[in-house]
Amino acid sequence: MDQPKTAKEALDKLGAKWSPDLDAFACGQIDASKVRCALCANAPCQCPEFGTPEYFALIEKRHGHK
Ligand SMILES: [Zn+2]
């Protein structure tokens, strides 16, 4: 299985699936704490700890696998 080794690699793999709120944040419309996570879609982020099986499972899910 081809799993990302670093947080940056994991984020790169997400590509366009970055936070849907990022544009609003970039425009100064919302605070950073209100930007939903690209992975868990929660603000603030509630992702499992990086490197855990749960974390990678979440990435796989966001990629639309399975
Ligand atoms: Zn998250």
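The values are calculated or read from the model by the stated rules, or taken from the named source; none is laboratory data. Small disclaimer: the values here were computed from a predicted structure and weren't measured. Glycine gets a Cβ as well: all are built from the backbone with ideal geometry, and neighbour counts include every protein chain shown.
Kindly indicate whether residue 43 is modelled with pLDDT under 80 and out of contact with any Phe, Trp or Tyr (no Cβ under 9 Å at 6 or more places or on another chain). Criteria not met by residue 43.
Summed over the stretch 30-49, the residues that are of a type in the set (A, V, I, L, M, F, W, C), within 13 Å of the ligand (Cβ to nearest atom), more than 18 Å from residue 6 (Cβ to Cβ) and more than 8 Å from the chain's Cα centre (by Cα) give a count of 2. Please determine whether any residue of the stretch 24-45 is of a type in the set (Lys, Arg) and crowded, with 16+ Cβ neighbours inside 10 Å. For the stretch 24-45, residues of a type in the set (Lys, Arg) and crowded, with 16+ Cβ neighbours inside 10 Å: present. Within the stretch 29-49, residues that are closer than 15 Å to residue 59 by Cβ reach partners that are more than 8 Å from the ligand (Cβ to nearest atom) and modelled with pLDDT under 90 with beta carbons closer than 6 Å, at six or more positions or on different chains, in the pairs 38/14; 38/17; 38/18; 38/19; 39/62. Checking each residue in the stretch 50-66 for being in contact (Cβ under 8 Å) with a residue 12 or more places away in the chain and more than 14 Å from the ligand (Cβ to nearest atom) picks out only 63.
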